[in-house]
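Below is one structure, written out as C-alpha cells; the observations come after it.
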Amino acid sequence: MIYFLLFYEFFKIGLFAIGGGLVTVPFLFDLADEYSWYSAKELTDMIAISESTPGPIGVNMATFAGFSVAGVWGGIIATLGLVTPSLIVIIIIARLMDKYSCNMRVHNILAGIRPAVLALILFAGIEIAKISITNLLSGLVLAILVVLIRFWKKSPIFYLCVSAILGIVLKL
Amino acid sequence: MVQLIKLLIIFFKIGLFTFGGGYAMLPLLKTEIVNKHGFLTEEELLDLYAIGQCTPGIIAINIATFIGYKQKGIKGAIFATLGMILPSLFIITLIAMVLRQYIHNRYMIYAFDGIRIGVVALIANIIYELWQKNVKFVSDKIIFIGAVLLLAVFNLGAIWIVIISALAALVLSELKRMKQK
C-alpha cells in the first residue's frame, strides 16, 4: 500500500515538476508536510547529498526520499514513479516531432530557440560558479581547467576526475 | 538486444558522471551521444534541451527517454531511462544505508568542491563551442541577449524563456522572409 502511494506521489511530481535541477524540491517539502515521511531538516540533508553525488538531482532526491519512507524498494518505486510521466509524454512528443520537424516554420522556431538555450546553460554555469569559485585559488584552477579543456581534448570524465583530485590536493 | 544494452550502458555512464542538474550533463552528452556514437547532431541536442525544459518531468530523464526512443523505439526509451537512473539508485541507496557519515568527510567535500569547478569549466567550454555554431545571425544575437536580460533582470523561469524565444524566433523569421520577397 505504501508502495502504491509512493508511486502515485512521485508520478505526480514527475508530471508537474518541469525543468531541471532543483525543481522537485518544493514538491518534496509539500510531501513532508502532508505525510510526515521525513522532516524538513532531513530533507535539507537529502538535498545536500543529492547535489554532490553522481546522477541527476531530481532522481537522487526521489531515490533518497523513497528510501527513507520504505527502504530499498521504496527508493526504487519512487524513482520509477518520477520517470514514468517523462516516458509517456516524451514518447508522444518524439512521435509528433517526426511528423513536424520537416515543417519550415517549426525548423525556424527550433533554430531560433537555440541561442536562448545557450543563455539558460550560461546561467546554470553561473549558478554553479557562484558556489564553487570562492577565492583566488579556485578561480585560478578554473582558468587552468578552461584552457586545458580548450586545447587538450580529453573526455569530460577525465576532467571531472582531474578536478576531484585537484580539489583534494589543493583543499579547494 | 545488443543495441538496447548499449543504450543502457551509455546512459549509465552519463548518469554516473553527472554532478548536478541536467545542464551539468551537457558536456558528457555531447561527447558520448554526438561525437562518439553520432545518435544526434549538436543542433538536435540543443533542441532536446528546449523540449525537455517545457515538458513534464526532470530534464535529464526527458533527454534520455527522447534519445532512447529515437534509437530503438519504446524499448530504447525504457532502457536509456533505466541506464540514467541506475547509478542514482545504487549510490543513493548505499549512502542512505551505510555511508551517510562519510558524506561529511573532509576529503569527500574537497573532492566535490573540485568537481564543481570542473563542471563550471566544462560548461564554459561547451558554451564557447555551441556559440560558434548556433549564433550566426543578428536575429540569433537578439534572442540570446533578450534571454540573458529576461533571466538576469526578471528572473524568469526556463520554461518562459523557451516560450518567449520561440515566439521571437517565429516573428523574426517571418520578418526575414517578408524582406526577401
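The values are calculated or read from the model by the stated rules, or taken from the named source; none is laboratory data. In this text, all values refer to a predicted model and were calculated from it rather than measured experimentally. Here the Cβ positions follow ideal geometry from the backbone for every residue, glycine too, while neighbour counts run over all protein chains shown. Heavy atoms of the whole protein, side chains included, go into the accessibility calculation; ligands, DNA and RNA do not. Shrake-Rupley method; radii C 1.70, N 1.55, O 1.52, S 1.80 Å.
Here the Gaussian network model covers chain A, with springs between Cα atoms less than 10 Å apart; of A:133, A:18, A:57, A:133 fluctuates the most.
Using a/c under 1.5 as the rounded threshold, could you call the protein assembly as shown rounded, prolate or oblate? The axes a ≥ b ≥ c are square roots of the C-alpha gyration tensor eigenvalues, and prolate needs a/b larger than b/c, oblate otherwise. Oblate is the answer for the protein assembly as shown, as a/c is 1.5 or above yet b/c matches or exceeds a/b. For chain B, the relative contact order works out to 24 percent when only alpha carbon pairs closer than 8 Å and six or more residues apart are counted. The relative contact order of the range A:2-100 comes to 38 percent, based on Cα pairs under 8 Å that sit 6 or more residues apart.
Counting Cβ atoms of other protein chains within 10 Å of each residue's Cβ and taking the mean over peptide B:23-32 gives 5. Ordered from largest to smallest accessible area (heavy atoms of protein chains, 1.4 Å probe), the residues A:46, A:97 come out as A:97, A:46. Counting Cβ atoms of other protein chains within 10 Å of each residue's Cβ and taking the mean over peptide A:38-48 gives 1. Alpha carbon centre of the range B:12-46 versus the range A:41-100: separation in Å? Cα centroid of the range B:12-46 versus Cα centroid of the range A:41-100: 18 Å apart.
Pairs with C-alpha atoms separated by more than 25 Å, drawn from the list A:130/B:136; A:171/B:36; B:6/B:30; B:6/B:70, are A:130/B:136; A:171/B:36.
Across chain A, C-alpha contacts under 8 Å between residues 6 or more apart give a mean separation that, scaled by the residue count, equals a relative contact order of 21 percent.
Output the 0 to 90 degree angle, nearest 10, between the alpha-carbon long axis of helix B:138-153 and the longest principal axis computed from the alpha carbons of chain B. Between helix and principal axis, roughly 60 degrees. Shielding value for A:92-100 is 3, the average number of Cβ atoms from other chains within 10 Å of each residue's Cβ.
Only DSSP H runs of four or more residues enter the estimate; each adds -39500 (n - 2.57), and after division by the residues of chain B the mean residue ellipticity at 222 nm equals -26000 deg cm²/dmol. Largest GNM mean-square fluctuation among A:135, A:103, A:60, using chain A with Cα springs under 10 Å: A:135. Accessible area of residue B:104 (1.4 Å probe, protein heavy atoms only, ligands and nucleic acids ignored): about 120 Å².
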